[in-house]
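For reference, the structure discussed in these notes is given below.
The values are calculated or read from the model by the stated rules, or taken from the named source; none is laboratory data. Quick caveat: nothing in here was measured; it's all calculated off a predicted structure. FYI the Cβ positions are ideal-geometry reconstructions off the backbone, even for glycines, and counts take in every protein chain you see.
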Amino acid sequence: MTGTKNTDDSTAGADAVPPGWLPECWHNPFTRALGLPPELEERVGILDKRPEFDPSERGLPHGQRRYCVLRIFDLMVPIARQVQLVERINMIIRQGYKSRDPSKGLHKAAFLASARAIERFGPREEYRSGEEAEPVVPIGGVPVSFALVGDPGQGKTVSTSNALAAIPQKVLPQTAYHVVQVVHLRVDCPTSSGRRQFCLNAVTALDEILGTTYVKDLGNPRLPVEYLMLQLSHLMTLHAVGLLVVDEIQHLLTVKEGSKPLLNFLVTIQNTLGVPVMLIGTNEARPLLGKAFRQARRAAGLGQPNWHRMREDDEWADWLEEVWRYQWTAIETPLTQDISTTVYDESQGILDVAIKLFVLAQLRAIELGEIRGEPETITPELLRKVAADEFGCIEPMIRALRDGREEVLREIPDLVPLQQHVDRVLSDATKMGLDELKHLRELRRLTSEAEQDARKAPYAAIRANLIARGHSEQDVDRAIAKALRSHEADDFFGITDFVRDQLAAKQPSTRRSSRKKNPSGKPPADGLVALAEGQADPVAALKRAGIVKTPDEILNE
């Protein structure tokens, strides 16, 4: 089991705080390892996902264009509340780590107390409820948690996943305080066996992140659920979990033991461990938070966002305009006010429904062009016809939203039936089985990730060199990611200059001192352009200077 050394990182407090950092974040090894929180431009970039699109593809055969339309499912055009969510998640993680600052001895004390609790556990001892729980050690700050609930199809889960993906999930020890830090842990709420299954799911998720086998020792069904809860609490303390995300919290409504035991356990995690908890659920979860979850004030620590459907306003118009660009019909249909109003009326501002309507309308237009030779245009009439034919399973929901009938909406929990129906429609349109379609989506996701990695590959050597010169990995990765968003991938010198300028702005004093302490004799990063200018082969010149190296050369040093 990975543990801690007896030596706390007491030297961090003596370090001068670099520009851009707050003292409480810089001096705490757990928050220091995360780097600076993303700024507005970066938060938008974290969520903004655009599929490959070339207008010339409208000339492809009908069958190929149907496959192209599937790319729209990879599209994410961020809206204001999703961008705000990225900031909130970064805030609550850093706030939660205040209560477990290793430089103040808080994490070590909590870990030892957690271990003693397991040693004292007896067969008749009951686990403290959330209402009765007291901190295992004096907590240095209040963990800020919040709940994210709202209408289905508004991107709650995918926005959270993208926000978390931009934050390191596992951080290896970088200081004298040797803790393998798990920054965020996401667990789906169980649908049947409550606390026992939740604990096993959470420990399994930890094993997947850490490469450990903790769950092997906990799979015995004879183990008391209270013991499993203590073990999960111990592991979360040991690995300094920064945020526990519990998705699909409305599943508690169907758990056999009731919702209260697991909700009390989540409150205990907050109260005793200082770990922020983020709950995600549909509107069904509101009664749980308002009644059974007695610490609802903590669920509203940074507000309790209610992600209702979008209003038909300027934000809707801007969002739909961005989405509407991705057309593979033979004729491009301009977005008119009549079309915008029709899409809103048939989706009632539910983003997932609007996307599916756009996809199915394109497939229908392409099909009519292929079979009947009709113009492949998207009209309000076509949109309404597609909605009438394909959205029957959610028609009561759409009608209730139009009429404002809350009692009907409470009987319609989610959009799973619509997703299943759309999958069948896509399967028929592309002549693919459902399993093949799922495989295609996963393959497309992996391809997209590989393309992003390929864009970054030419700069791996520069990254390694800058890190070796004293820049933090987080600052370098942040600067390179920002450069790749604002430059063409093959603009080697433009990206290099941009990264250099970004790092110079972040740590000017560190940069100057690093030039004075350069025992290698290699030119500093500022001299990259000077080295390459006037050279027949600039890259070769940088290689001769030892600035650019292949990954193999770096590993063999």
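Things worth noting here:
- Long-range neighbours under 6 Å by Cβ, at least six apart or interchain, first residue in contact (Cβ under 8 Å) with a residue 40 or more places away in the chain within segment 144-160, second part of a helix (DSSP H, G or I) and among the acidic types (Asp, Glu): Gly153/Asp352
- When the test is whether a residue is crowded, with 20+ Cβ neighbours inside 10 Å, assigned by TED's automatic domain parsing to the domain that holds Gly153 and modelled with pLDDT under 80, Ala240 does not pass it.
- A count restricted to segment 313-335 and to residues that are free of Cβ contacts under 8 Å to residues at least 40 places away in the same chain, under 26 Å from Ala400 (Cα atoms) and not aromatic (Phe, Trp, Tyr) stands at 5.
- Segment 270-283, subset of a type in the set (Val, Ile, Thr) and closer than 17 Å to Arg94 by Cα, residue nearest to the chain's Cα centre (by Cα): Val277
- Filter result for Gly35 (assigned to a loop (DSSP other than H, G, I, E, B), at pLDDT 80 or above, more than 30 Å from Glu312 (Cα to Cα) and touching a Ser or Thr at 6+ places or on another chain (Cβ under 8 Å)): yes
- Only residues that are in a helix (DSSP H, G or I) and farther than 18 Å from Leu335 by Cβ were counted in segment 362-383, giving 7.
- Residue match in segment 45-55 (condition: farther than 30 Å from Leu368 by Cβ, touching a Lys or Arg at 6+ places or on another chain (Cβ under 6 Å) and outside the structural domain of Phe146 (by TED's automatic domain parsing)): yes
- Each residue in segment 43-56 was checked for being surrounded by 14 or more Cβ atoms within 10 Å (Cβ to Cβ) and more than 26 Å from Arg81 (Cα to Cα), and 1 pass.
- Of the residues making up segment 120-134, not a single one is modelled with pLDDT of 85 or more and polar (S, T, N, Q).
- Selected residue (only one of Ala481, Ala460 is among the small types (Gly, Ala, Ser), surrounded by 14 or more Cβ atoms within 10 Å (Cβ to Cβ) and at pLDDT below 70): Ala460
- Among (1) modelled with pLDDT under 75; (2) within 30 Å of His251 (Cβ to Cβ); (3) crowded, with 18+ Cβ neighbours inside 10 Å - the single one Gly150 does not satisfy: (1)
- Residue within segment 343-356 that is out of contact with any helix residue (DSSP H, G or I) (no Cβ under 8 Å at 6 or more places or on another chain) and among the basic types (Lys, Arg) present: no
- Looking only at residues of segment 88-103 that are in a helix (DSSP H, G or I) and in contact with a helix residue (DSSP H, G or I) (Cβ under 6 Å, 6 or more places away or on another chain), we find that the one that is nearest to Thr160 (Cα to Cα) is Ile89.
- Those helices (runs of 4 or more DSSP H) lying entirely in segment 151-239 with at least 2 residues within 18 Å of the chain's Cα centre (by Cα): 156-165, 194-210
- Scanning segment 253-272 for residues that are of a type outside the set (S, T, N, Q) and either within 21 Å of Lys98 (Cβ to Cβ) or modelled with pLDDT under 85 (or both) returns Leu253, Val255, Lys256, Glu257, Gly258, Lys260, Leu266, Val267, Ile269.
- There is no residue in segment 195-204 that is touching a strand residue (DSSP E or B) at 6+ places or on another chain (Cβ under 8 Å) and closer than 21 Å to Ala33 by Cα.
- Residues in segment 252-269 that are of a type outside the set (D, E, K, R) and either closer than 27 Å to Gln95 by Cα or buried (at least 20 other Cβ atoms within 10 Å of the Cβ) (or both): Leu252, Val255, Ser259, Pro261, Leu262, Leu263, Asn264, Phe265, Leu266, Val267, Thr268, Ile269.
- From Val359, Val422, Val386, Val408, residue being modelled with pLDDT of 90 or more, under 30 Å from Ile249 (Cβ atoms) and either under 32 Å from the mean Cα position of the chain (by Cα) or assigned by TED's automatic domain parsing to the domain that holds Pro61 (or both): Val359
- Residue match in segment 210-227 (condition: over 30 Å from Tyr344 (Cα atoms), in contact with a Ser or Thr (Cβ under 7 Å, 6 or more places away or on another chain) and surrounded by fewer than 21 Cβ atoms within 10 Å (Cβ to Cβ)): yes
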